[in-house]
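For reference, the structure is listed below as structure tokens.
The values are calculated or read from the model by the stated rules, or taken from the named source; none is laboratory data. Only a predicted model underlies this, so the values are computations on that prediction, with no experimental measurement involved. So basically every Cβ, Gly included, is an ideal-geometry build from the backbone, and we count neighbours across all protein chains shown. Ligands, DNA and RNA are stripped out before the accessible areas are found, and what is left, the full protein with its side chains, is counted by its heavy atoms. Shrake-Rupley method; radii C 1.70, N 1.55, O 1.52, S 1.80 Å.
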Amino acid sequence: MKIDNQINLETPEGIDIQLTPAGIGVRTLSFIYDLLIRLVIMLAVGIALSFAGNMGIGLMLIAAFLVEWFYPVIFEITKGQTPGKKSFGLTVVYDNGLPVTLAGSLIRNLFRAVDFLPSFYLLGGICLLLSKHNKRVGDYIGGTMVVYNEAPLRMSYFNFEKQKNVELQLDPEMQKSIIAFAERSKTLSAQRQQELANILSPILNVQGPEAVSQLKSIAANLVGKA
């Protein structure tokens, strides 16, 4: 059981990083943003080539192909995000948190054709909703995911030393989730903290503010600050 959908990774250098996959809502908005930009580009190209006759039509088709398939690839491998994703604070990374490369970006974008099936990205949307890390088909094939740009959180976000000692038997994954929750607690509203803490109410046997307090106590105990 996880408190939220945050992913905790450890780099080969031993540095812990947290990634938060972007959901279908914000990804749809960023897609629409990029779609509008592509339409503006094609409108400008169409106007520029409107006086070139049949050759202009041929060049227009080539331009449409390049814009449709290489617009996201160029931005993802150079900046990690398209303008649409940048506007909503999103970026594309590999599953291990590393920046996406040409191969990964090409694969995930080529499989947009599969995500589109049978129409209007229905398959991709269903796959994304069912995915643990909000991944569409192209993300699964390319080994990528879309995450929020978030500054790494430091232990100083949570004062472990003020918490009382609470003992509970937890598996390693659960321990990581509780420590991550405690670290993020100062960035969350009291209501959001309680919502997340209530997910573990079957284990804690309490809810609301008391559940939040217990989770912070457990985190303090796990890091040896209790």
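Taking LYS225, is it of a type in the set (Lys, Arg), modelled with pLDDT under 75 and in contact with a helix residue (DSSP H, G or I) (Cβ under 9 Å, 6 or more places away or on another chain)?
Details: of a type in the set (Lys, Arg): yes; modelled with pLDDT under 75: yes; in contact with a helix residue (DSSP H, G or I) (Cβ under 9 Å, 6 or more places away or on another chain): yes.
Answer is yes for this residue.
May I ask you to list the residues in region 1-34 that are among the aliphatic types (A, V, I, L, M), modelled with pLDDT of 90 or more and surrounded by 12 or more Cβ atoms within 10 Å (Cβ to Cβ)? Before the answer, list the steps.
First, the residues of region 1-34 that are among the aliphatic types (A, V, I, L, M): 1, 3, 7, 9, 15, 17, 19, 22, 24, 26, 29, 32.
Filter once more, so that each one left must be modelled with pLDDT of 90 or more: 22, 24, 26, 29, 32.
Hits for region 1-34 are ALA22, ILE24, VAL26, LEU29.
Which of the numbered conditions does VAL73 fail, given that it passes all the others? Conditions: (1) in contact (Cβ under 8 Å) with a residue 12 or more places away in the chain; (2) open to solvent by 20 Å² or more (accessible area, probe 1.4 Å); (3) closer than 27 Å to GLN6 by Cα.
VAL73 satisfies every listed condition except (2).
Buried (at least 18 other Cβ atoms within 10 Å of the Cβ), in contact with an Asp or Glu (Cβ under 8 Å, 6 or more places away or on another chain), over 18 Å from LEU9 (Cα atoms) and at pLDDT 80 or above, is that true of VAL137?
Numbers: buried (at least 18 other Cβ atoms within 10 Å of the Cβ): yes; in contact with an Asp or Glu (Cβ under 8 Å, 6 or more places away or on another chain): yes; over 18 Å from LEU9 (Cα atoms): yes; at pLDDT 80 or above: yes.
The answer is yes for VAL137.
Which fully enclosed helices (runs of 4 or more DSSP H) of region 41-123 have 1 or more residues being among the β-branched types (Val, Ile, Thr)?
Values: elements: 53-79, 83-87, 102-110, 112-116.
In region 41-123, the matching helices (runs of 4 or more DSSP H) lie at 53-79, 102-110, 112-116.
If I filter region 37-53 for residues that are in contact (Cβ under 8 Å) with a residue 12 or more places away in the chain, within 17 Å of LEU19 (Cβ to Cβ) and surrounded by 14 or more Cβ atoms within 10 Å (Cβ to Cβ), do I get at least one hit?
Within region 37-53, none of the residues are in contact (Cβ under 8 Å) with a residue 12 or more places away in the chain, within 17 Å of LEU19 (Cβ to Cβ) and surrounded by 14 or more Cβ atoms within 10 Å (Cβ to Cβ).
Give me the pairs, please: first residue somewhere in region 101-130 and in contact (Cβ under 8 Å) with a residue 60 or more places away in the chain, second residue anywhere and open to solvent by less than 80 Å² (accessible area, probe 1.4 Å) and of a type in the set (Gly, Ala, Ser), beta-carbon distance under 9 Å, and either six or more positions apart or on two chains.
What qualifies is LEU128/GLY23; LEU129/GLY23.
When the residues of region 196-212 are filtered to those that are open to solvent by 30 Å² or more (accessible area, probe 1.4 Å), modelled with pLDDT under 85 and in a helix (DSSP H, G or I), which remaining residue is farthest from GLU173 (Cα to Cα)?
PRO202
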